[in-house]
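Structure record follows, encoded as structure tokens.
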Amino acid sequence: SLRFYRDGLGLQVIFDEFLERDWQRLLRSPCRRIREVALADPDDPHACAIVLAVFEDGIVRRPANGAPHGVSHFAFSIAGEEVVARLARLGYSMHGASETVVGGVTLQVSFVCDPNGIVVELARAVHA
């Protein structure tokens, strides 16, 4: 996932640490130690961060598949096609693209799955 978000989307690592806590209570994992990597947009210091976690509990976790429940996907606003091209070079292909109008702005919208099966929407303004 680090390759997808850092190398593909261009997010910057702002935190990469091993943490020990009661992860059973907080994240429903029986482990006591995880590696957390937080990434954010390097051009927007106030942007929300994505946090990737590797659990040291020995449990095999499979990528999500099937119909979503709960949060279905999340979206990033991108400036140009370079993000889509970078993801393609890394082996991630878009599985849908369309135009939509939101608040009077026409957006080119593409969808791709990250390595964990999470759907990521990439939206780029093409007309104002």
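The values are calculated or read from the model by the stated rules, or taken from the named source; none is laboratory data. As the structure is a prediction and not an experimental result, all values here were calculated from the model. Here the Cβ is made from the backbone with ideal geometry for all residues, glycine too, and neighbour counts use every protein chain on show. Heads up: the accessible areas ignore ligands, DNA and RNA and are worked out on the full protein's heavy atoms, side chains in. Shrake-Rupley method; radii C 1.70, N 1.55, O 1.52, S 1.80 Å.
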Pairs of alpha carbons in the chain whose separation is greater than 25 Å (percent) | 33 percent
Within region 38-120, list the GluC sites (Glu not before Pro) lying in a DSSP loop whose Cβ has at most 13 other Cβ atoms in a 10 Å radius.
-> Glu81
What dipole magnitude, in Debye to the nearest 20, does the chain give about its Cα centre under +1 on Lys/Arg Cβ and -1 on Asp/Glu Cβ?
-> 480 debye
With the other protein chains left in place, how much accessible area per residue, in square angstrom, belongs to the chain at a 1.4 angstrom probe?
-> 65 Å²
Work the Kirkwood hydrodynamic radius out for region 68-123: mean of 1/r over every pair of different alpha-carbon atoms, inverted, in Å.
-> 12.0 Å
Would you mind calculating the gained length between Ser93 and Val13 on full extension (0.36 nm times residue separation, minus the Cα-Cα distance), in nm to one decimal?
-> 26.5 nm
Got a number for carbon plus sulfur as a percent of the chain's accessible area, 1.4 Å probe?
-> 53 percent
